[in-house]
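Worksheet: one structure, shown below.
Coordinate-derived values only; no laboratory data. Since we're looking at a predicted model, the values are computed, not measured. Cβ: placed from backbone, ideal geometry, glycine included. Neighbour counts: every protein chain shown.
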Amino acid sequence: MKKQIIRYFKHIFATIFSILLIGVIVVVSMHGSIGYSTNPQSIHLDKEGPYAFYENDSTLTVKYIKGNKTDGFYLDEKKYNSNEAIKVSCFFPLDSTAFNFTLKSEFKVPKSIYNNNEPILAISDIESGYKTFRDFLIQNKVINSQLDWTFSKGHLVLVGDFVDRGFSTTQVLWFIYKLEQDAKKQGGNVHFVLGNHELYNLQGKYNSASYKYYGVASILGKQHHDLYNHQSFIGRWMASKNTLERINGVLFAHGGIHPDIADYDITIDQVNQINRANYYNSYFPKPEESIEQLVISNKKGICWYRGYFKDDISQEDVENGIHKFDAKAIVVGHTIQWKPKKYFEGKVIAIDVKHPKDYNSNWPSKSSEGLFIKNNKYFRAQADGTLKEL
């Protein structure tokens with residue numbers, strides 16, 4: 001009897017262990033790793049900002065959060081003429097560093113097509129990881145340790161989902177803004193190609209946002225959805241961006257090109273115009289079919305499509321979508337990989353990897369990777385700056 005009981009409990013423990021192991025494997029395969037142990041600095045709000053909002057077209061108010069939970073929080077705010085060049089600073093509490101930049105109320109829509117044969121460094125799905133993003137760019141010689149642009153006339157391509165799932169959204173977005181200005185001065189380009197999580201934030205959907213930003217919004221006297229709306233400086237800036245660009249013959253999109261798009265007479269500029277017109281509108285399917293429905297769809301749309309990895313599509317289907325926009329390949333994020341990888345005879349390059357988090361530990365631990373393109377050759381760009389040809 002005793003042996004039977006022992007055997008019974010062994011069976012139960014083996015079953016439980018097997019279920020847990022399967023669960024871990026599923027979670028890791030879907031998300032790349034499991035996060036644990038959050039650093040308390042993640043919700044440090046003293047010096048958090050800047051948060052800039054238009055009161056009207058002529059007045060811009062810039063706010064910083066000051067204080068702490070023990071003594072209370074307050075706002076340090078100042079009003080400016082919106083035509084001014086406004087000097088601001090963004091603080092990063094994890095290592096007590098900051099970077100400076102200038103706000104200018106100029107939100108120009110970027111070009112959709114670039115041809116200059118300069119090198120390209122692409123990275124995607126940073127998900128609010130400022131330190132990871134910053135250090136990756138330093139090691140890959142896009143910037144130096146003082147955060148100065150050193151990539152000359154090169155292209156830094158950010159393939160969507162730089163927000164959510166982390167505690168450094170504000171730092172990441174302002175850092176992109178700063179890099180964009182610095183690159184222009186050197187003849188380079190920063191391409192912020194929006195992903196579905198940028199759209200979430202523009203549309204007021206915050207299921208994936210850190211709880212930190214509910215507190216931030218409350219201290220600012222706003223709701224969460226106000227942080228990136230039409231009155232927000234950074235919201236207006238994000239809403240000017242593209243969702244599809246062709247750089248030196250290679251397409252960049254967060255999700256991808258659904259094969260059905262090849263059936264329509266549409267250009268890259270028109271794809272971007274359709275998306276920009278709908279950035280603040282939540283998608284819902286309509287009975288009638290149209291190119292607009294296809295472009296903004298949360299299943300088949302440019303920012304959402306996962307068909308390269310999920311659907312039963314042919315090489316011809318993939319190439320029809322790419323050739324529609326006179327491109328030789330497409331680089332995408334959105335669907336997580338263990339490492340940057342080629343699919344469909346090199347026509348699709350997937351670069352979404354699990355990056356380290358600023359304030360969380362992860363198991364198994366991961367290192368950032370991106371994609372470097374030069375002279376029509378593709379390389380895995382690694383966190384330490386080394387390149388491995390794909």
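For the reader, a short list of remarks on this structure follows.
- Kyte-Doolittle at least -1.0, axis length at least 15 Å by Cα - qualifying DSSP helices, the chain: 2-31, 169-185
- Cα gyration tensor shape for region 303-373, rounded if a/c is under 1.5, else prolate or oblate: prolate
- Cα centre as origin, Lys/Arg/Asp/Glu Cβ charges: region 258-390 dipole, Debye: 800
- Cα centroid separation, region 266-307 to region 153-178: 23 Å.
- Region 81-189: C-alpha gyration tensor shape, a/c 1.5 cut-off, then a/b vs b/c: rounded
- Cβ crowding within 10 Å, taken as a proxy for footprinting-reagent exposure, orders Tyr213, Tyr283 from fewest neighbours to most as Tyr283, Tyr213.
- In a reduced charge model with +1 at each Lys and Arg Cβ and -1 at each Asp and Glu Cβ, the chain shows a dipole moment near 1340 debye about its Cα centre.
- Above-threshold pairs, the threshold being 28 Å between Cα atoms, out of Lys300/Lys374; Lys78/Lys357; Lys185/Lys388; Lys354/Lys388: Lys300/Lys374; Lys78/Lys357; Lys185/Lys388
- Phi angles of region 330-335 translate, via the Karplus equation with coefficients 6.51, -1.76, 1.60 and θ = phi - 60°, into HN-Hα couplings of 9, 10, 10, x, 6, 10 Hz per residue; Gly and Pro are given as x.
- Neighbour-limited loop hits for GluC sites (Glu not before Pro), region 320-390 (at most 15 other Cβ within 10 Å; DSSP other than H, G, I, E, B): Glu345
- Helix content alone sets the calculated 222 nm mean residue ellipticity of the chain: runs of n ≥ 4 DSSP H residues at -39500 (n - 2.57) each, divided across all residues, give -8000 deg cm²/dmol.
- For Lys108, a cut-off of 19 angstrom between C-alpha atoms picks up these aspartates and glutamates, skipping any fewer than 8 places away in its own chain: Asp57, Glu84, Glu180, Asp182, Glu198, Glu245, Asp269.
- Neighbourhood charge, 10 Å Cβ-Cβ cut-off, centred on Glu198 and excluding it, Lys, Arg +1 and Asp, Glu -1: -1
- Cα gyration tensor category, rounded, prolate or oblate, for region 105-389 with a/c compared to 1.5: rounded
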